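Novice: Would you mind keeping the following structure in view while I ask a few things?
The values are calculated or read from the model by the stated rules, or taken from the named source; none is laboratory data. Note that the structure is predicted; figures quoted are calculated from it, not measured. Here Cβ is always computed from backbone atoms with ideal geometry, including for glycine, and neighbour counts include all displayed protein chains.
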Ligand code: ASP
């Protein structure tokens with residue numbers, strides 16, 4: 001059995017956190033491949049190394065002295081080294097980096113140094129072999145992972161070393177330069193390593209004991225989800241639940257490798273397992289509830305529209321021309337609505353409406369703003385009678401007006417649109433109903 005263990009920024013934020021990581025890794029012999037993020041926040045007033053590196057770059061760009069910020073980065077690494085009694089010449093690495101910065105440095109390369117330096121220290125501390133991600137994770141010219149090249153590199157490395165530390169968040173372009181991922185990309189690196197290592201489990205160690213059924217800022221102490229499918233997680237992440245980088249699912253899903261979300265600060269907790277092989281015995285119908293505020297509903301009306309073939313397509317083309325992504329399209333007989341994020345249409349909403357009116361000869365177009373969308377997600381909803389009756393009944397009882405309903409035939413997700421001001425009330429009500 002081989003496990004890939006990825007430790008996020010808060011799990012490597014201090015010498016104390018490094019110790020916890022070592023305990024976890026030492027506890028199970030199957031944790032052969034460890035992926036690390038950059039040193040993160042040790043407490044809520046602290047700063048992430050990645051943010052500080054971005055800040056250094058912004059300073060250089062505008063020719064402002066960056067010594068103080070760089071010092072904060074140096075202190076973090078040097079403190080960890082000294083507290084753990086490590087030998088690696090991290091001071092030398094930092095001095096080299098500082099002189100590279102002064103000569104003018106590529107932003108992506110600079111930002112990737114957070115995970116690089118963290119990986120170097122962790123490698124010595126765990127006694128694992130350090131692999132620079134630029135020699136392992138390869139991109140092709142389309143910006144996608146070149147799995148063939150990445151797999152080859154991995155196979156060659158493990159001929160000689162069977163315990164590896166890999167910095168997350170970056171790889172290399174076909175031309176050899178460093179390419180970083182989007183923020184939180186260490187999750188994606190971990191998933192890629194799990195894929196090429198054919199891991200039995202991809203452990204994602206963070207600072208929460210699993211994925212919660214609802215947003216803890218709204219629900220007091222929500223229950224933890226024990227098992228969730230990739231599809232359910234995707235629906236919940238899309239709707240604002242943030243646990244794992246959205247793209248971290250694809251590399252492991254292809255190989256049916258379960259992801260286990262675990263807590264570095266509470267390593268005995270089971271956490272949440274993300275897998276398509278959910279056990280059917282769970283009596284939980286709804287897996288999670290998530291939502292987002294600030295959508296707009298654009299409702300287009302035209303008499304006898306039902307008889308005009310291609311009318312909706314014409315209207316949607318206009319949204320595409322304005323480069324607006326569409327969330328939902330609920331429709332009636334002689335009207336249909338298009339739901340979009342308000343921010344995505346704000347600058348040109350009047351132009352957009354005028355264009356649609358002109359193009360399809362609409363009788364009336366109304367725009368309703370301040371709409372929140374709330375998704376109730378659960379694969380067990382399919383074929384379970386009465387779920388929507390309970391959902392709408394509960395909202396009716398507390399006086400929440402529903403402006404929009406959307407459910408596709410796979411029955412995994414019921415989305416309701418309510419006024420922004422009813423957002424918290426809706427989530428509370430649905431959580432109470434289905435917890
Ligand atoms: N260090 C990067 C970030 O802060 C990537 C990561 O932590 O996964 O976004």
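Novice: Checking the structure you have, find out if any residue of region 3-21 is modelled with pLDDT of 95 or more, assigned to a loop (DSSP other than H, G, I, E, B) and within 22 Å of residue 129 (Cβ to Cβ).
Specialist: Yes, because at least one residue in region 3-21 is modelled with pLDDT of 95 or more, assigned to a loop (DSSP other than H, G, I, E, B) and within 22 Å of residue 129 (Cβ to Cβ).
Novice: Being touching a residue at least 60 places away in the same chain (Cβ under 8 Å) and buried (at least 18 other Cβ atoms within 10 Å of the Cβ) narrows it down to one of 121, 110, 136, so name that one.
Specialist: 121
Novice: Follow-up. Hey, does region 201-215 have a residue that's touching a residue at least 60 places away in the same chain (Cβ under 8 Å), within 16 Å of the ligand (Cβ to nearest atom), within 25 Å of residue 265 (Cα to Cα) and more than 16 Å from the chain's Cα centre (by Cα)?
Specialist: No, region 201-215 contains no residue that is touching a residue at least 60 places away in the same chain (Cβ under 8 Å), within 16 Å of the ligand (Cβ to nearest atom), within 25 Å of residue 265 (Cα to Cα) and more than 16 Å from the chain's Cα centre (by Cα).
Novice: Got a sec? Which of 108, 100 is assigned to a helix (DSSP H, G or I) and under 20 Å from residue 189 (Cα atoms)?
Specialist: Just one listed residue meets the conditions, 108.
Novice: Could you check region 337-361 and list, in sequence order, the residues that are surrounded by 19 or more Cβ atoms within 10 Å (Cβ to Cβ) and closer than 12 Å to residue 298 by Cα?
Specialist: 337, 338, 339, 340, 345, 352, 356
Novice: Here is a further query. Go through region 84-97 and give me each residue that's under 19 Å from residue 12 (Cα atoms) and either in a helix (DSSP H, G or I) or touching a strand residue (DSSP E or B) at 6+ places or on another chain (Cβ under 8 Å) (or both).
Specialist: Scanning region 84-97 gives 84, 90, 91, 93, 94.
So that you can scan it fast, the table gives a plain yes or no per residue for (1) within 27 Å of residue 382 (Cα to Cα); (2) assigned to a loop (DSSP other than H, G, I, E, B); (3) at pLDDT 95 or above:
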{"position": "261", "(1), (2), (3)": "yes, no, yes"}
{"position": "280", "(1), (2), (3)": "yes, yes, no"}
{"position": "293", "(1), (2), (3)": "yes, no, yes"}
{"position": "296", "(1), (2), (3)": "no, no, yes"}
{"position": "309", "(1), (2), (3)": "no, yes, no"}
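Novice: Taking strands (runs of 3 or more DSSP E) that do not extend beyond region 127-183, which have at least 1 residues that are within 16 Å of the ligand (Cβ to nearest atom) and more than 19 Å from residue 106 (Cα to Cα)?
Specialist: 164-167
Novice: With the condition being free of Cβ contacts under 8 Å to residues at least 60 places away in the same chain and over 23 Å from the mean Cα position of the chain (by Cα), I'd like the helices (runs of 4 or more DSSP H) fully within region 326-435 carrying at least 2 qualifying residues.
Specialist: Filter on region 326-435 gives 349-360, 387-397, 423-434.
Novice: Let me ask you something else. Just to check your reading of the model, which residue among 201, 208, 243 is in contact with a helix residue (DSSP H, G or I) (Cβ under 9 Å, 6 or more places away or on another chain), within 16 Å of residue 186 (Cβ to Cβ) and surrounded by 16 or more Cβ atoms within 10 Å (Cβ to Cβ)?
Specialist: 243
Novice: Filter region 44-63 down to the residues that are within 15 Å of residue 207 (Cα to Cα) and either in a helix (DSSP H, G or I) or free of Cβ contacts under 8 Å to residues at least 24 places away in the same chain (or both) and list them by number.
Specialist: Correct list: 44 only.
Novice: If residue 187 satisfies every condition in (1) buried (at least 22 other Cβ atoms within 10 Å of the Cβ); (2) without any contact (Cβ under 8 Å) to a residue 40 or more places away in the chain; (3) within 20 Å of residue 264 (Cα to Cα) but one, which is the exception?
Specialist: The one condition residue 187 does not meet is (2).
Novice: So, one more: Does residue 273 qualify as being in a strand (DSSP E or B), more than 18 Å from the chain's Cα centre (by Cα) and surrounded by 15 or more Cβ atoms within 10 Å (Cβ to Cβ)?
Specialist: No.
Novice: Name, by its number, the condition in (1) touching a residue at least 24 places away in the same chain (Cβ under 8 Å); (2) closer than 22 Å to residue 6 by Cα; (3) surrounded by 14 or more Cβ atoms within 10 Å (Cβ to Cβ) that does not hold for residue 66.
Specialist: In the conditions (1) touching a residue at least 24 places away in the same chain (Cβ under 8 Å); (2) closer than 22 Å to residue 6 by Cα; (3) surrounded by 14 or more Cβ atoms within 10 Å (Cβ to Cβ), residue 66 misses (2) alone.
Novice: Now, a different point. Considering only residues that are closer than 30 Å to residue 270 by Cβ and more than 14 Å from the ligand (Cβ to nearest atom), look in region 43-68 and name the one that is modelled with the lowest pLDDT.
Specialist: 44
Novice: Pick from 81, 41: which is surrounded by 12 or more Cβ atoms within 10 Å (Cβ to Cβ), assigned to a helix (DSSP H, G or I) and in contact (Cβ under 8 Å) with a residue 12 or more places away in the chain?
Specialist: Being surrounded by 12 or more Cβ atoms within 10 Å (Cβ to Cβ), assigned to a helix (DSSP H, G or I) and in contact (Cβ under 8 Å) with a residue 12 or more places away in the chain holds for just one of 81, 41, which is 81.
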